[in-house]
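The values are calculated or read from the model by the stated rules, or taken from the named source; none is laboratory data. Being a predicted model, the structure only gives us computed values, none of them experimental. Note: areas computed on protein heavy atoms with side chains; ligands, DNA, RNA excluded. Shrake-Rupley method; radii C 1.70, N 1.55, O 1.52, S 1.80 Å.
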Amino acid sequence: MSETPAKAFLRPGKVFLLTLAGVLIYLVALVVLVPAGWLWHQASAHIELPPEIQVRQVSGKAWSGAAGVMVAGYPVRLEWRLGMPSVSGLSLPVGFSLLSSQSSVDGSVSLGWQGAGSLSASGRLAVAEFEELIRRSGGAVIEGDVTIDRLELSWQDGRVTQADGVGRWAGGQVTWPMGSGTGQAEFPPMRATMDSTADGVALVVSEQGGDGPAADAEIRWNGMMELRVYKRMVDLAGQPWPDSARPSDVVFKVRQPLIPGGAL
(Lines give C-alpha, C1' and ligand atoms only; values in the text may rest on other atoms or scores of the structure.)
Protein backbone atom coordinates (compact mmCIF):
# COMPACT_ATOMS: atom_id res chain seq x y z
CA MET A 1 0.00 0.00 0.00
CA SER A 2 1.57 3.26 -1.15
CA GLU A 3 1.11 6.63 0.57
CA THR A 4 -0.11 9.72 -1.32
CA PRO A 5 2.68 12.35 -1.48
CA ALA A 6 1.92 15.37 0.71
CA LYS A 7 1.27 18.55 -1.25
CA ALA A 8 3.11 21.74 -0.34
CA PHE A 9 0.90 24.31 1.41
CA LEU A 10 2.42 27.31 -0.41
CA ARG A 11 2.13 26.32 -4.04
CA PRO A 12 2.95 28.96 -6.73
CA GLY A 13 -0.72 29.57 -7.50
CA LYS A 14 -1.61 30.09 -3.85
CA VAL A 15 1.37 32.43 -3.37
CA PHE A 16 0.16 34.53 -6.30
CA LEU A 17 -3.40 34.73 -4.95
CA LEU A 18 -2.24 35.64 -1.44
CA THR A 19 0.06 38.32 -2.86
CA LEU A 20 -2.73 39.75 -5.03
CA ALA A 21 -5.12 39.78 -2.06
CA GLY A 22 -2.53 41.55 0.06
CA VAL A 23 -1.95 44.21 -2.61
CA LEU A 24 -5.71 44.82 -2.97
CA ILE A 25 -6.16 45.10 0.80
CA TYR A 26 -3.27 47.55 0.95
CA LEU A 27 -4.71 49.71 -1.85
CA VAL A 28 -8.17 49.75 -0.28
CA ALA A 29 -6.70 50.69 3.10
CA LEU A 30 -4.65 53.40 1.40
CA VAL A 31 -7.73 54.97 -0.19
CA VAL A 32 -9.85 54.66 2.96
CA LEU A 33 -7.32 55.79 5.57
CA VAL A 34 -4.95 58.26 3.89
CA PRO A 35 -5.92 61.90 4.59
CA ALA A 36 -7.16 63.74 1.49
CA GLY A 37 -5.19 66.85 2.53
CA TRP A 38 -1.92 64.92 2.43
CA LEU A 39 -2.72 63.51 -1.02
CA TRP A 40 -3.58 66.98 -2.35
CA HIS A 41 -0.33 68.39 -0.93
CA GLN A 42 1.61 65.72 -2.81
CA ALA A 43 -0.33 66.10 -6.07
CA SER A 44 -0.92 69.87 -6.19
CA ALA A 45 2.59 70.60 -7.49
CA HIS A 46 1.83 68.49 -10.58
CA ILE A 47 -1.69 69.87 -11.26
CA GLU A 48 -2.08 73.17 -13.11
CA LEU A 49 -5.40 74.86 -12.30
CA PRO A 50 -6.78 78.02 -14.00
CA PRO A 51 -5.82 81.18 -12.06
CA GLU A 52 -9.50 81.76 -11.23
CA ILE A 53 -9.63 78.49 -9.24
CA GLN A 54 -7.78 78.19 -5.92
CA VAL A 55 -7.96 75.25 -3.51
CA ARG A 56 -7.84 76.62 0.04
CA GLN A 57 -8.45 73.64 2.34
CA VAL A 58 -8.86 69.88 1.92
CA SER A 59 -10.27 67.62 4.64
CA GLY A 60 -11.51 64.07 5.12
CA LYS A 61 -10.15 60.94 3.48
CA ALA A 62 -9.41 60.10 -0.12
CA TRP A 63 -12.54 57.91 -0.16
CA SER A 64 -14.85 60.64 1.11
CA GLY A 65 -13.80 64.23 1.75
CA ALA A 66 -14.35 67.93 1.14
CA ALA A 67 -12.41 70.93 -0.15
CA GLY A 68 -12.84 74.69 0.15
CA VAL A 69 -12.36 76.28 -3.28
CA MET A 70 -12.36 79.89 -4.51
CA VAL A 71 -13.84 80.19 -8.03
CA ALA A 72 -13.46 83.68 -9.52
CA GLY A 73 -13.52 85.11 -6.01
CA TYR A 74 -16.54 83.09 -4.82
CA PRO A 75 -16.15 80.52 -2.01
CA VAL A 76 -17.44 77.06 -2.94
CA ARG A 77 -17.41 73.82 -0.95
CA LEU A 78 -16.74 70.62 -2.89
CA GLU A 79 -17.70 67.28 -1.36
CA TRP A 80 -16.90 63.92 -2.99
CA ARG A 81 -17.57 60.22 -2.47
CA LEU A 82 -15.70 57.53 -4.41
CA GLY A 83 -17.69 54.55 -5.67
CA MET A 84 -16.51 51.03 -6.44
CA PRO A 85 -14.24 50.93 -9.51
CA SER A 86 -15.56 49.17 -12.61
CA VAL A 87 -13.06 46.58 -13.80
CA SER A 88 -14.93 45.87 -17.03
CA GLY A 89 -15.35 49.55 -17.87
CA LEU A 90 -11.96 50.64 -16.50
CA SER A 91 -13.62 53.59 -14.76
CA LEU A 92 -14.00 55.09 -11.29
CA PRO A 93 -17.37 56.64 -10.30
CA VAL A 94 -17.28 59.72 -8.06
CA GLY A 95 -20.35 61.36 -6.53
CA PHE A 96 -19.99 65.08 -5.78
CA SER A 97 -21.77 68.13 -4.40
CA LEU A 98 -20.91 71.78 -5.06
CA LEU A 99 -22.27 74.13 -2.43
CA SER A 100 -22.08 77.91 -2.10
CA SER A 101 -23.93 80.18 0.29
CA GLN A 102 -27.15 80.03 -1.79
CA SER A 103 -26.61 77.57 -4.66
CA SER A 104 -26.07 73.82 -4.94
CA VAL A 105 -25.23 71.32 -7.68
CA ASP A 106 -25.18 67.54 -7.19
CA GLY A 107 -24.03 64.88 -9.60
CA SER A 108 -21.60 62.14 -10.48
CA VAL A 109 -18.42 61.83 -12.51
CA SER A 110 -17.09 58.70 -14.17
CA LEU A 111 -13.30 58.87 -14.60
CA GLY A 112 -12.21 56.53 -17.35
CA TRP A 113 -8.95 55.17 -18.65
CA GLN A 114 -6.51 57.50 -20.50
CA GLY A 115 -8.24 60.78 -19.67
CA ALA A 116 -11.77 59.89 -20.77
CA GLY A 117 -14.73 60.66 -18.55
CA SER A 118 -18.32 61.82 -18.23
CA LEU A 119 -20.38 64.01 -15.89
CA SER A 120 -24.06 64.10 -14.99
CA ALA A 121 -25.45 66.83 -12.72
CA SER A 122 -28.47 68.90 -11.71
CA GLY A 123 -29.06 71.69 -9.23
CA ARG A 124 -30.13 75.24 -8.48
CA LEU A 125 -28.27 78.54 -8.95
CA ALA A 126 -29.23 81.68 -7.05
CA VAL A 127 -28.49 84.44 -9.54
CA ALA A 128 -28.34 87.16 -6.86
CA GLU A 129 -25.26 85.44 -5.45
CA PHE A 130 -23.33 86.21 -8.65
CA GLU A 131 -24.79 89.65 -9.33
CA GLU A 132 -21.49 91.49 -8.86
CA LEU A 133 -19.68 89.25 -11.35
CA ILE A 134 -22.52 89.58 -13.88
CA ARG A 135 -22.58 93.38 -13.62
CA ARG A 136 -18.77 93.58 -13.97
CA SER A 137 -19.04 91.71 -17.26
CA GLY A 138 -21.87 93.99 -18.46
CA GLY A 139 -24.53 91.27 -18.41
CA ALA A 140 -28.19 91.27 -17.43
CA VAL A 141 -29.26 90.30 -13.91
CA ILE A 142 -32.40 88.22 -13.40
CA GLU A 143 -34.29 87.75 -10.17
CA GLY A 144 -34.90 84.37 -8.61
CA ASP A 145 -33.18 81.05 -9.23
CA VAL A 146 -32.13 79.10 -12.31
CA THR A 147 -32.94 75.38 -12.14
CA ILE A 148 -30.53 73.00 -13.89
CA ASP A 149 -32.71 70.05 -14.88
CA ARG A 150 -29.97 68.19 -16.71
CA LEU A 151 -26.28 68.66 -17.45
CA GLU A 152 -24.42 65.91 -19.31
CA LEU A 153 -20.78 66.19 -20.40
CA SER A 154 -18.29 63.74 -21.91
CA TRP A 155 -14.62 64.40 -22.58
CA GLN A 156 -11.52 62.79 -24.02
CA ASP A 157 -7.91 64.02 -23.89
CA GLY A 158 -8.88 67.20 -22.05
CA ARG A 159 -11.56 68.27 -24.56
CA VAL A 160 -15.35 68.04 -24.25
CA THR A 161 -16.64 65.65 -26.90
CA GLN A 162 -20.34 65.91 -26.07
CA ALA A 163 -22.48 68.37 -24.11
CA ASP A 164 -26.18 68.33 -23.38
CA GLY A 165 -28.17 70.34 -20.86
CA VAL A 166 -31.49 71.96 -20.00
CA GLY A 167 -32.20 74.78 -17.55
CA ARG A 168 -35.28 76.80 -16.56
CA TRP A 169 -36.10 80.20 -15.11
CA ALA A 170 -39.59 80.99 -13.81
CA GLY A 171 -39.56 84.56 -15.14
CA GLY A 172 -39.59 87.90 -13.39
CA GLN A 173 -37.70 91.17 -13.45
CA VAL A 174 -34.51 91.59 -15.52
CA THR A 175 -32.16 94.58 -15.23
CA TRP A 176 -29.33 95.49 -17.61
CA PRO A 177 -26.94 98.41 -18.18
CA MET A 178 -28.32 101.07 -20.54
CA GLY A 179 -26.01 104.03 -21.19
CA SER A 180 -25.40 105.78 -17.89
CA GLY A 181 -28.47 104.18 -16.32
CA THR A 182 -30.22 100.84 -16.00
CA GLY A 183 -33.01 99.29 -18.02
CA GLN A 184 -35.52 96.83 -16.63
CA ALA A 185 -38.45 94.72 -17.79
CA GLU A 186 -40.66 91.81 -16.74
CA PHE A 187 -39.89 88.63 -18.65
CA PRO A 188 -41.94 85.44 -19.10
CA PRO A 189 -40.57 82.00 -18.09
CA MET A 190 -37.44 81.19 -20.10
CA ARG A 191 -35.61 78.01 -21.08
CA ALA A 192 -31.93 77.37 -21.86
CA THR A 193 -30.45 74.43 -23.74
CA MET A 194 -26.80 73.48 -24.17
CA ASP A 195 -25.14 71.48 -26.93
CA SER A 196 -21.59 70.75 -28.08
CA THR A 197 -19.99 72.41 -31.13
CA ALA A 198 -16.73 71.95 -33.02
CA ASP A 199 -15.06 74.79 -31.05
CA GLY A 200 -16.74 74.51 -27.65
CA VAL A 201 -20.29 74.52 -26.30
CA ALA A 202 -23.36 76.48 -27.38
CA LEU A 203 -26.07 77.88 -25.10
CA VAL A 204 -29.48 78.90 -26.51
CA VAL A 205 -31.99 80.95 -24.47
CA SER A 206 -35.63 81.14 -25.53
CA GLU A 207 -39.09 81.77 -24.14
CA GLN A 208 -40.71 78.59 -22.85
CA GLY A 209 -43.02 77.55 -25.68
CA GLY A 210 -41.60 80.29 -27.95
CA ASP A 211 -40.87 80.12 -31.67
CA GLY A 212 -37.10 80.68 -31.67
CA PRO A 213 -34.01 81.83 -29.77
CA ALA A 214 -34.01 85.13 -27.91
CA ALA A 215 -30.23 84.92 -27.39
CA ASP A 216 -27.42 82.43 -27.84
CA ALA A 217 -23.82 82.17 -26.76
CA GLU A 218 -20.85 80.06 -27.84
CA ILE A 219 -18.18 79.38 -25.23
CA ARG A 220 -14.98 78.32 -26.96
CA TRP A 221 -12.07 76.23 -25.69
CA ASN A 222 -9.81 79.30 -25.43
CA GLY A 223 -12.15 80.81 -22.80
CA MET A 224 -13.76 83.35 -25.14
CA MET A 225 -17.53 83.82 -25.31
CA GLU A 226 -19.48 85.11 -28.31
CA LEU A 227 -22.97 86.38 -27.44
CA ARG A 228 -25.79 87.22 -29.85
CA VAL A 229 -29.09 88.86 -28.91
CA TYR A 230 -32.05 88.70 -31.32
CA LYS A 231 -34.92 91.08 -31.98
CA ARG A 232 -37.11 88.49 -30.24
CA MET A 233 -35.40 89.42 -26.94
CA VAL A 234 -36.14 93.10 -27.52
CA ASP A 235 -39.80 92.25 -28.05
CA LEU A 236 -39.89 90.25 -24.79
CA ALA A 237 -38.37 93.23 -22.98
CA GLY A 238 -40.97 95.57 -24.47
CA GLN A 239 -38.29 97.90 -25.86
CA PRO A 240 -38.82 100.07 -28.97
CA TRP A 241 -37.22 98.90 -32.23
CA PRO A 242 -37.83 99.56 -35.93
CA ASP A 243 -40.78 97.52 -37.22
CA SER A 244 -38.76 96.51 -40.29
CA ALA A 245 -36.64 94.14 -38.16
CA ARG A 246 -37.69 90.51 -37.95
CA PRO A 247 -37.75 88.58 -34.63
CA SER A 248 -34.83 86.42 -35.89
CA ASP A 249 -32.57 89.42 -36.69
CA VAL A 250 -29.40 89.84 -34.56
CA VAL A 251 -29.56 93.23 -32.84
CA PHE A 252 -26.54 92.89 -30.55
CA LYS A 253 -23.31 90.91 -30.77
CA VAL A 254 -20.27 90.86 -28.49
CA ARG A 255 -17.15 88.74 -28.09
CA GLN A 256 -15.23 88.77 -24.79
CA PRO A 257 -13.53 86.47 -22.24
CA LEU A 258 -15.99 84.41 -20.21
CA ILE A 259 -14.34 85.64 -17.00
CA PRO A 260 -13.19 89.31 -17.08
CA GLY A 261 -9.42 89.68 -17.06
CA GLY A 262 -8.48 86.92 -19.46
CA ALA A 263 -9.28 83.58 -20.97
CA LEU A 264 -9.72 80.45 -18.94
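A few points about this structure:
- A 1.4 Å probe run over the protein chains yields, for segment 134-230, 53 Å² of accessible area per residue, whole-number rounding.
- Solvent-accessible ranking of K253, K61, largest area first, probe 1.4 Å: K253, K61
- Percent accessible area from carbon and sulfur atoms, segment 45-135, protein chains only, probe 1.4 Å: 61 percent
- Given in Å, the Rg to one decimal and the Dmax to the nearest whole number for the Cα atoms of segment 137-193 are 15.6, 46.
- Applying the Kirkwood pairwise sum to the alpha-carbon positions of segment 147-264 produces a hydrodynamic radius of 15.7 angstrom.
- Ordered from highest to lowest accessible area with the whole protein assembly present and a 1.4 Å probe, V94, V71 read as V71, V94.
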